[in-house]
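Structure first, commentary second.
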Amino acid sequence: MIRDETAETRMPLTVVLARAKNTPKKAGLALWMERVLEECHRASVEFGTDPVHDLRVALRRCRSMADGLLVMDPNPAWKEMKRAGKRLFRELGELRDAQVMEEWVHRLGTPDDPVTSALLQFLASRESHLKQQAAVALQEFDRKQWRRWIASLPRRAARMRTGSLLFKHLALERWTEAYELHRRALRNRSQIAFHRLRIGLKRFRYIVENFLPEQHAGWSDDLKELQDVLGEVHDLDVLWATALQVNAFPDAESRLKWHARIIEERTRRIEKYRAKMLGKASLWQVWRAQLPVGKQIESAALSRLKLWASFLDPDFKHSTHVTRLALQLYDGLPVRRRSADSEPAHQRAILQVAGLLHDVGRCKNEKGHHKATYNLIHRLTPPLGWSEEQMRWVGVIARYHRGALPGVGQKTLVGLSQAQRESVLKLAGILRLANAFDADRNGQIQRLEVHEQNGFLEIAAQGYSPHDRIAERIAAARHLLETVYRQPVMVKPLRTKTKPTTENELKTAH
């Protein structure tokens, strides 16, 4: 469907730029989203090399920012914005590839070479066809919706501070993925491997470029050079494949000649890449030295999960309070020793994350939100430092913070050993009881103390009264924990000790 354009979208670029001078200067996402509309106008006049390139850069910036922000902010508008520009970006990409190949043919060939003529003739015809497709994609690009996103998405992006540990952690994820692709590419040296490396390095570059201004200032030249080098390797591979596809070679001699030229150019760029990226002083190590290590990785991963939950949970204050109570219970309950390989490490951290995330499903369905919570966590990609197994435990624990008790044959527990089931149900029982202590969501119960004596578990709760209406909820919630520990649980008020008032203090008060 061809979308209608407003008078503003048809406005001459000089008028658009003049208006821009009289408006407050934008930066970050707002700047690049505005730039997309400006470059759309330029490209619509003529799909030349520069307008196509500049529009793709603007779209790429917006889509890569959305990709990074979507990791922390699950708002569907980020995906919708990425999807809105996807077709236009793809069509422009194919057109750009054809234009770049023309440049390579001119560089590698000579005017009197029949291969040069055959390739240029094919590319000219293809470029004309791709310009028509790009024109249709540009007409269908919904600029009204894009303007609505300009009004809303930059405000959401502002909630996540650039240069923070969260974005350094995200950059480390991208670095780790790209570095593994680097090792594979140098090991097998295939075209596919170098193409994947180019994409991996590009994704790392985008995070640095968009969200780490300090690192980008020092790394931008090298990142751009490496991206260009690997991009040219890809261009040469595509050019050779295209030449074979269109039967551009009249004889074996011309084929060998062109292949030798392409391999020479390709090898030169691979060696240039290797010179910068191998050895102890390689750029990989330079970049890694400025990204999180050790406890910073754990802290950043926790902060990312916490931020993700805060965007979804309509009462995140309640969830943070329940988490504090759950950890007090965990620290006070007696330890049941299990085999080290029967369960994932860091159970306390798993319980903490389950507490923070246990109500994210309320954004989907209030009545069955514990099930919606499990599904959301199940689909969540674990942040660097967390495994699939640990996040599965988080989902199961959060799933059983309320509702029916887990039973035999539950899909969520399939594949867990008996020891693992007992451990995960213990954590679920802790969270279930902690959640009941704040059933009224008022934070009245602030502190819990646990003691084991006379064959039962005694939980003393500051602010608790057996006559309050939540006492019944607490009595029901303790059942799962009693089942796991095979001990009755008794809840009583925590008596705070009052300091005796001295005679001098009374005199001072008066």
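The values are calculated or read from the model by the stated rules, or taken from the named source; none is laboratory data. Since the model is a prediction, treat every value here as computed from it, not as a measurement. Note that each Cβ is placed from the backbone with ideal geometry, even for glycine, and that neighbours are counted across all protein chains shown. Only protein heavy atoms, including side chains, enter the accessible area calculation; ligands, DNA and RNA are left aside. Shrake-Rupley method; radii C 1.70, N 1.55, O 1.52, S 1.80 Å.
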Checklist entry - Can you flag which of Lys371/Lys492; Lys317/Lys367; Lys168/Lys202; Lys79/Lys295; Lys144/Lys224; Lys317/Lys371 are past 23 Å Cα-Cα? => result Lys371/Lys492; Lys79/Lys295; Lys144/Lys224
Checklist entry - Tell me, what does the Kirkwood hydrodynamic radius of the chain come to in angstroms if you use every pair of distinct C-alpha atoms? => result 27.4
Next on the checklist: How big is region 182-301 along each principal axis, measuring the range of its Cα positions in Å and listing the largest first?
Outcome noted: 62, 27, 24
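Give the shape of region 243-313 as rounded, prolate or oblate, defined through the alpha-carbon gyration tensor: a ≥ b ≥ c are the square roots of its eigenvalues, a/c under 1.5 means rounded, and otherwise the shape is prolate if a/b is larger than b/c and oblate if not.
oblate
Can you tally the net charge around His378? Count Lys and Arg as +1, Asp and Glu as -1, for every other residue whose Cβ sits under 12 Å from the Cβ of His378.
Around His378, the charge tally is +4.
Given 4 °C and 1.567 mPa s, how large is the Stokes-Einstein diffusion coefficient of region 350-422 in µm²/s, with Rh as the Kirkwood radius over Cα pairs?
Numbers: Rh = 12.5 Å.
D = 104 µm²/s.
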Checklist outcome for this item: So, over other residues within a Cβ distance under 12 Å of Ala326, counting Lys, Arg +1 and Asp, Glu -1, the net charge is +2
Checklist entry - Over what distance in Å are the Cα centres of region 129-167 and region 89-126 separated? => result 30
Item to check | Cα-based Kirkwood hydrodynamic radius, region 382-482, one decimal, Å | outcome: 15.1
Checklist entry - What's the angle, to the nearest 10 degrees (0 to 90), between helix 86-108's Cα axis and the longest principal axis of the chain? => result 40
Checklist entry - How big is the charge dipole of region 68-183 about its Cα centre, in debye rounded to the nearest 20, if each Lys and Arg gets +1 on its Cβ and each Asp and Glu gets -1 on its Cβ? => result 1080
Checklist entry - How far is helix 213-245 tilted, in degrees, relative to the longest principal axis of the Cα atoms in the chain, given as a value from 0 to 90 rounded to the nearest 10? => result 50
Checklist outcome for this item: Ignoring ligands and nucleic acids, Asp50 exposes an accessible area, probe 1.4 Å, in Å² to the nearest 10, of 100
Next on the checklist: Tell me whether region 45-203 comes out rounded, prolate or oblate; compute the Cα gyration tensor, take square roots of the eigenvalues as a ≥ b ≥ c, and use a/c under 1.5 as the rounded threshold.
Outcome noted: oblate
Next on the checklist: Could you tell me the relative contact order of the chain? Use alpha-carbon pairs under 8 Å, at least six residues apart, and round to a whole percent.
Outcome noted: 11
Next on the checklist: If amide hydrogens are placed 1.01 Å from N in the peptide plane, which non-local residues have theirs closer than 5 Å to the one on Val491?
Outcome noted: Ile459
Next on the checklist: If you average the alpha carbon positions of region 375-404 and of region 414-432, how far apart do those two centres end up, in angstrom?
Outcome noted: 13
Checklist entry - Counting DSSP beta bridges with both partners in the chain, what percentage is antiparallel, nearest 5? => result 60
